[in-house]
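Peer 1: Can you read through this structure? Questions will come right after.
The values are calculated or read from the model by the stated rules, or taken from the named source; none is laboratory data. All values derive from a computational prediction rather than experimental measurement. Here Cβ is always computed from backbone atoms with ideal geometry, including for glycine, and neighbour counts include all displayed protein chains. Heads up: the accessible areas ignore ligands, DNA and RNA and are worked out on the full protein's heavy atoms, side chains in. Shrake-Rupley method; radii C 1.70, N 1.55, O 1.52, S 1.80 Å.
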Amino acid sequence: MRTHRPGRHELGQNFLVDTATIDTVVGLVARTDGPLVEIGAGDGALTLPLQRLGRPLTAVEIDGRLAARLARRTAAPTRIVHADFLRHPLPPTAHVLVGNLPFHATTAMLRHVLAAPGWTDAVLLAQWEVARRRAGVGGATMMTAQWWPWYAFGLGGRVPAGAFRPRPGVDGGIITLGRRAEPLVGAADRGRYQDLVRRVFTGEGRGLGRIVAAAAPDVPRRHIEEWLREHRLGAGTLPGRLTAGQWADLYRLVAPARARTGGPGPVAPAGRRPHAPAGRRGHRPRP
């Protein structure tokens, strides 16, 4: 009997049908703690195995027909909610996010997730290229750099297109996210920090030396050159090659002292002892 019906094209539905991938996702979720919120439950490929973890589970599904059918196949403490995840309020208390994101709406959903309070961990399926870049493999994107001080991004593996029905035109990938116990930049500095990242990524120049000088004209050029040397970066290094710690330290170099509102001290470059190391929970980020 067929258990996974073709997804509705207008909703961007590509159901997960590969048991190995399902086991990988559930295994990653099992390493976390707390209630679960599933994004896009679909026909229950992840919902039913997640339910066996014995944790409270709220599964959000935009398709009313699928939500009603899945509700008949689940039992408390699992709860099926018929709603658009982008408009669904997430709980302010600690919880874990998991889901197979519609490929056409991945960026919008990730922005919604990153701006949401409460959740501690997330295990998400997206297009392979998006997953790889969000995890900073081969260079970080502007979105990753803008949120790195508060979240650790990881790559949980590649998922072949054949793992979905209907089959998409590209492979998928598993993104893991963990909220940092000790952010690298204070929460009140988020807007200023993210604006700096935007200016550096979109700035003109052939490398960080010129780009940062243009983005932060009030910072003496010699301070920028010293910062590059301390982090062992060439003047021609591109923004996507910076690490989370280097972005945080660049913000401290650029931000006026009167505008800073807290957060741990500068993150030291390789080979030097940090002034105040940023803490991480032992199980993050995941492979």
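Peer 1: So how many residues does region 109-127 have that are closer than 12 Å to residue 91 by Cα, assigned to a strand (DSSP E or B) and not hydrophobic (A, V, I, L, M, F, W, C)?
Peer 2: Of the residues in region 109-127, 1 are closer than 12 Å to residue 91 by Cα, assigned to a strand (DSSP E or B) and not hydrophobic (A, V, I, L, M, F, W, C).
Peer 1: Has region 24-32 got at least one residue that is buried (at least 24 other Cβ atoms within 10 Å of the Cβ), of a type in the set (A, V, I, L, M) and closer than 24 Å to residue 107 by Cβ?
Peer 2: Within region 24-32 (the criterion being buried (at least 24 other Cβ atoms within 10 Å of the Cβ), of a type in the set (A, V, I, L, M) and closer than 24 Å to residue 107 by Cβ), the answer is yes, since at least one residue qualifies.
Peer 1: Select from region 188-218 the residues that are under 17 Å from the mean Cα position of the chain (by Cα) and of a type outside the set (S, T, N, Q) and list them in ascending order.
Peer 2: Of everything in region 188-218, those that are under 17 Å from the mean Cα position of the chain (by Cα) and of a type outside the set (S, T, N, Q) turn out to be 190, 197.
Peer 1: Under the condition of being assigned to a loop (DSSP other than H, G, I, E, B) and modelled with pLDDT under 50, which residue from region 2-23 is surrounded by the fewest Cβ atoms within 10 Å (Cβ to Cβ)?
Peer 2: Here the residue is 2.
Peer 1: While we're on this one: If you check 176, 202, 237, which single one turns out to be of a type in the set (S, T, N, Q) and touching a Lys or Arg at 6+ places or on another chain (Cβ under 6 Å)?
Peer 2: Of the residues listed, the single one that is of a type in the set (S, T, N, Q) and touching a Lys or Arg at 6+ places or on another chain (Cβ under 6 Å) is 176.
Peer 1: For region 57-69, name all the residues that are assigned to a helix (DSSP H, G or I) and either in contact with a Gly (Cβ under 7 Å, 6 or more places away or on another chain) or at positive phi (or both).
Peer 2: 66
Peer 1: Could you please find all residues in region 206-230 being in a helix (DSSP H, G or I), among the acidic types (Asp, Glu) and out of contact with any Lys or Arg (no Cβ under 8 Å at 6 or more places or on another chain)?
Peer 2: 225, 226
Peer 1: Are there any pairs, at least 6 apart or on different chains, whose C-beta atoms fall under 7 Å, with the first in region 34-56 and on the phi < 0 side of the Ramachandran plot and the second assigned to a helix (DSSP H, G or I) and of a type outside the set (A, V, I, L, M), and if so, which?
Peer 2: Filtered contacts from region 34-56: 38/47; 39/85; 41/47.
Peer 1: Which residues, taken from region 137-176, are in a helix (DSSP H, G or I) and open to solvent by 40 Å² or more (accessible area, probe 1.4 Å)?
Peer 2: 142
Peer 1: So, one more: Could you figure out which of (1) under 27 Å from residue 236 (Cα atoms); (2) modelled with pLDDT of 95 or more isn't true of residue 134?
Peer 2: If we test residue 134 against (1) under 27 Å from residue 236 (Cα atoms); (2) modelled with pLDDT of 95 or more, just (2) comes out false.
Rundown of residues vs (1) modelled with pLDDT of 95 or more; (2) surrounded by fewer than 14 Cβ atoms within 10 Å (Cβ to Cβ); (3) within 26 Å of residue 157 (Cβ to Cβ), yes/no style:
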{"site": "64", "(1), (2), (3)": "yes, yes, no"}
{"site": "67", "(1), (2), (3)": "yes, no, no"}
{"site": "74", "(1), (2), (3)": "yes, no, no"}
{"site": "81", "(1), (2), (3)": "yes, no, no"}
{"site": "89", "(1), (2), (3)": "no, yes, no"}
{"site": "103", "(1), (2), (3)": "no, no, yes"}
{"site": "109", "(1), (2), (3)": "no, no, yes"}
{"site": "126", "(1), (2), (3)": "yes, no, yes"}
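Peer 1: Among all residue pairs at least 6 apart or on different chains, which show Cβ distances below 9 Å where the first residue, located in region 99-122, is within 21 Å of residue 22 (Cα to Cα) and the second is among the acidic types (Asp, Glu) and in a helix (DSSP H, G or I)?
Peer 2: Taking only residues 6 or more apart or on different chains, not a single pair turns up.
Peer 1: Closer than 22 Å to residue 157 by Cα and at pLDDT 95 or above: does that describe residue 31?
Peer 2: Criteria met by residue 31.
Peer 1: Among the numbered criteria (1) over 14 Å from residue 244 (Cα atoms); (2) surrounded by fewer than 17 Cβ atoms within 10 Å (Cβ to Cβ), which single criterion is violated by residue 182?
Peer 2: Among (1) over 14 Å from residue 244 (Cα atoms); (2) surrounded by fewer than 17 Cβ atoms within 10 Å (Cβ to Cβ), residue 182 violates only (1).
Peer 1: Then there is this: Tell me which of these residue 118 doesn't satisfy, since it passes every other one: (1) under 12 Å from the mean Cα position of the chain (by Cα); (2) open to solvent by 10 Å² or more (accessible area, probe 1.4 Å).
Peer 2: (1)
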